[in-house]
Structure formats: C-alpha cells, structure tokens
C-alpha cells in the first residue's frame, strides 16, 4: 500500500488482484487449521494405493499397469478434494454468519469464488504428491520413463489433465453445497462420492469389473475422468466416447451448479 | 486513531445524506417486513434505531449494507447504490450475533477485513484501542463472548469508515466490556464519524445516540432527539385499590393503559401522573392505597410501540 497522496477514495481502493489474494489467504488458513480436512483429502488416495495396489505384485511389476493405478488414484484424490471442498464448504459458508458479513464488505463475488477455487486446486494438488511419491518408490512405474518408452513431459501434462478432469466434480460439489444444509451436505457428498469412485474404476481397475458393471461404468463421469487420466499418463486406453461423456457431464453438472447457485442467491437476496 | 479519513472533495459538498431510505418496502412471502420506511442519515449524526424484535431493524440494515434489495422505494448510500461494492468502501458494519471466523486468529481476521480498504487502521493500533492486543494470535473461536464482540466492532472501524452501522453491539456484555466499547464509539463519533446503532435497549441508544428513530411493524413511528423521544415515552404508573371496573379510569387525562393485577390492584399507565391524580381526586372516584412510580425505560418503550398500533 502506498502512503502517498490519494486524491479520491475510489482510486486508492485495493485492486481486484489484491482482493483475490486476501480472500485466498483467508480461505487457505481456515482450511489448514482443520487438520482432519487436510489429512483426509491428502492421505486418503495414498492409503488406497497402499492397500489396493502395492500388495498386487502383478500390477506393481508392470510399469504401465502401475502408471494406470497411479493415474486413477490421482484423479480420485482430485475428485475427493473438489467434491468435499465445494459440497461441504459451500454449505457451511451459507450457514455461517461470518460469510454473510463478508458479503457486506466492499468486495464483489469473484474474489471469494476464486479464493475457493485456488484452495480446492491446492488441496487437490497436495493429494497428488503422496500418490506420485509412493508410486515412484513402491512400483515399477518409473521404468516406463527411464526405459524411454514414455516421454517425461507426460508427467506435468497428466497433472494438468487430472486437475481438469476434476471440474465436473467441482460443479457437482457446488450443486450439493447450494442445495443442502451443511450436515446434509456431508452425508450426500459421501453417499455420492464412494459409488462414483468405485464404479468409475478409481479404486479397482475396470478390467476387474463384471460386464454389467463395466457397461454401467462407461456412462459415469468418474469413469470418463479415470480413463482420460490414465491416457494422459500412459497414452493408452482412450476412446472418443470418453471425451464425449466427460464433456456431457461437465455441461449437465455445470448447468445444475449454476441453477442451484442462482436459486440460492435468489432466496437469500429476496 | 480510528477516525474517519475524510478525503478533501466530498466534505465540502452540500448536506446530502450519507444514507437514505425513500418509501422502502420489503416483504417475505405474505409477511411485510418494511411497509414504506423513509429515513435520512446525515454526516456527524448518531442515530439510534430502536424497535422490538421483528420490527424490521435488521432488514433495514441488510438493505443499507447491500445484502438485500428493496421491493420498492430507493436506498442510497453515499449517493450510490449499496449493492455496488465500491459504494460500501466508506461503510463499516458490525454483524449481529457472534459471527466470528472460528479458525482465523484475531490478527488474521483484522488483516483480512483491512485488505478491503484503501487506508486501513494498522492492526496493532486497532487491537490496542479495543484491548485485544494480547489476543492477536488466538483463534477467534476461542475468544470470550466479550472479546468476540469487541473484535466485531473493531472490524467495523478498521477501514476508517464515514458511516458505521452497529447491530446490537453490546448485547450480552458485562458492564466493563460495554464501557470499553462505548468509549471507542464515542471517540469515533467525536472525531466526526456517523453512527447508526440498533438495539432494543433504550439505555444503550441513550448512551450513544443524539437522535432516535423508533421503528415498529415495518414503519417509522417516532423520529426525534433523545429528549423529544424521552418526553414522549416518559410514562408513570398510578396504582391503587378500587371496586370500580378498569374502564372507568381510561378516560383520565394522559392515561395510556389500565390493568388489574391478580391481587386486585388497579394500575393506570399515564404520561402525566400529576394531571391524572388531580383528575382522579376531582372526579371523586373511589380509591385507596395510592402509589405513584415511574415506569421503567422498557415499559415506557412498550407503551410507545403499543399505542401506535394500527
């Protein structure tokens, strides 16, 4: 902040960028102070890797199968971070008198929304790190790169794809958060999260599914996100229908989120 | 200090009100919260907004702070629309109830709010003024009720606002904590700041306001200086034992209300006890055990809001 002469108040008002930074910082601090939220979203995918993947030597001995497991757990972590951060977080904010006070401050809606998006992304990114580290140490996944079969750029590329694959679940979280009270939102998010993750092939690979489950799975956003995530890292297993399915879900859930947010604001601003 | 920064340029302009409501209505479903409120608040004023629960005080504040929009009528803040965030740069507001961010520390919460203003009061200075310096690193959720309330009022002042809106600032505080808050608010007012305070406690309004607006059932029923309003609500109680029905005393001059207690005592609430007693004697109405006592402030206020029923 400059301390120089300021001719009018409005010229000296904090910039939009500085407001975004202020809101992001506050949201990060608030989230990080709840250790269980940090632990559950960061450690959970790593735990699933330890229990479901590492014991299967058939998977860990095969570099490509290892990479597929890592990719599906990575997008699992991203989905979890987005669903919970938005589903439960937004519902809690709506009930919190502090957030209604914050809306009376000289700030529009954007910095708060972006602050939450950055927080969600950061949590999603943090959930990727243990999976990547454990995967590199405990499986044969690095061999695919050291042997020259796969180019190194696939790793940063996959990280970006994973975060993008989380967007339909961000929208689903917004939809839940704007429709439910915080207690209901916790329950609904969990009820939605586990079947989506399992039937989407994020915990066990779809190869192990019976035919009927595989067919059902192909219509789910979690399966599409999983297939695209695996493709991003390994270059294998992408069908054109996967992209169509993910985009369709993105549109449907995005529209639902916008509808729920509008409806909610309408009620609050009545 | 927590004084308003009056930038040169808008102080010399005319007497345009800092905030105004013009024939504002607001309904929720079938219930009417505000039924045509007109009110102007000018620079340097200290306005107490008084009314029973559900009278529409909080709704009016929600409108002035841009959280809600009126169904009809106009709300202006610093000449602009309060829904526009920029209009609210010169407004400071304290939320009702204990709305602190549970997991932020006191210092973080102050710096967060300060980040919205061009020239905020330095955090250490503000915390010192409100006796919160030792609590700077404590999480807000762990503060005592009095500390939370002081923090919320401090937040209203961090942006050096020209108008501060306080919703029930000292509800549930002990005398010491209340005095600390009142001292800070008086300092703000003496430095040229404008205050709008809601309360259902006459005492608090009396301590801080020079003008009182009484609102009931969504309309303004009285608006004047503290003395004017006090003279309107200065009621007394004349009680005695009698065999006559209560209706015989309603026609006494200045009588507002007549009640009969379980023990059989008749009480006349009056705005002028002397005139009422004089007439009581002159009419030769039978009474015994006469007592005259002033009504409490609360009773006076109730008398005012009850009398103005539609």
* Restricting attention to the stretch A:62-70, does a residue exist that is assigned to a helix (DSSP H, G or I), crowded, with 20+ Cβ neighbours inside 10 Å, within 14 Å of chain B (Cβ to nearest Cβ) and touching a helix residue (DSSP H, G or I) at 6+ places or on another chain (Cβ under 8 Å)? -> no
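For every residue, the table says whether it meets (1) more than 9 Å from chain A (Cβ to nearest Cβ); (2) closer than 23 Å to residue B:202 by Cα.
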{"position": "B:56", "(1), (2)": "yes, yes"}
{"position": "B:59", "(1), (2)": "yes, yes"}
{"position": "B:67", "(1), (2)": "no, no"}
{"position": "B:80", "(1), (2)": "yes, no"}
{"position": "B:86", "(1), (2)": "no, no"}
* Asked: Looking at (1) out of contact with any helix residue (DSSP H, G or I) (no Cβ under 8 Å at 6 or more places or on another chain); (2) within 13 Å of chain B (Cβ to nearest Cβ); (3) surrounded by 15 or more Cβ atoms within 10 Å (Cβ to Cβ), can you tell me which one residue A:106 breaks?
  -> (1)
* Residue ID - modelled with the lowest pLDDT, chosen from residues in the stretch A:1-17 that are more than 7 Å from chain B (Cβ to nearest Cβ) and part of a helix (DSSP H, G or I) -> A:11
* Asked: Picking from B:52, B:101, which residue would you name as being facing chain A (nearest Cβ under 8 Å), touching a helix residue (DSSP H, G or I) at 6+ places or on another chain (Cβ under 9 Å) and modelled with pLDDT under 90?
  -> B:101
* To do: Only one of these is buried (at least 24 other Cβ atoms within 10 Å of the Cβ), under 30 Å from residue A:25 (Cα atoms) and in contact (Cβ under 8 Å) with a residue 60 or more places away in the chain: B:110, B:213, B:121, B:158. Name it.
  => B:158
* **Residue tally, condition surrounded by 18 or more Cβ atoms within 10 Å (Cβ to Cβ), in contact with a strand residue (DSSP E or B) (Cβ under 9 Å, 6 or more places away or on another chain) and assigned to a loop (DSSP other than H, G, I, E, B), over the stretch B:46-74** => 7
* Structure fact -> All-but-one check, residue A:123 against (1) at pLDDT below 90; (2) away from every other protein chain (no Cβ under 14 Å); (3) surrounded by fewer than 17 Cβ atoms within 10 Å (Cβ to Cβ), failing number (3)
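The values are calculated or read from the model by the stated rules, or taken from the named source; none is laboratory data. All values reported here derive from a predicted model rather than from experimental measurement. FYI the Cβ positions are ideal-geometry reconstructions off the backbone, even for glycines, and counts take in every protein chain you see.
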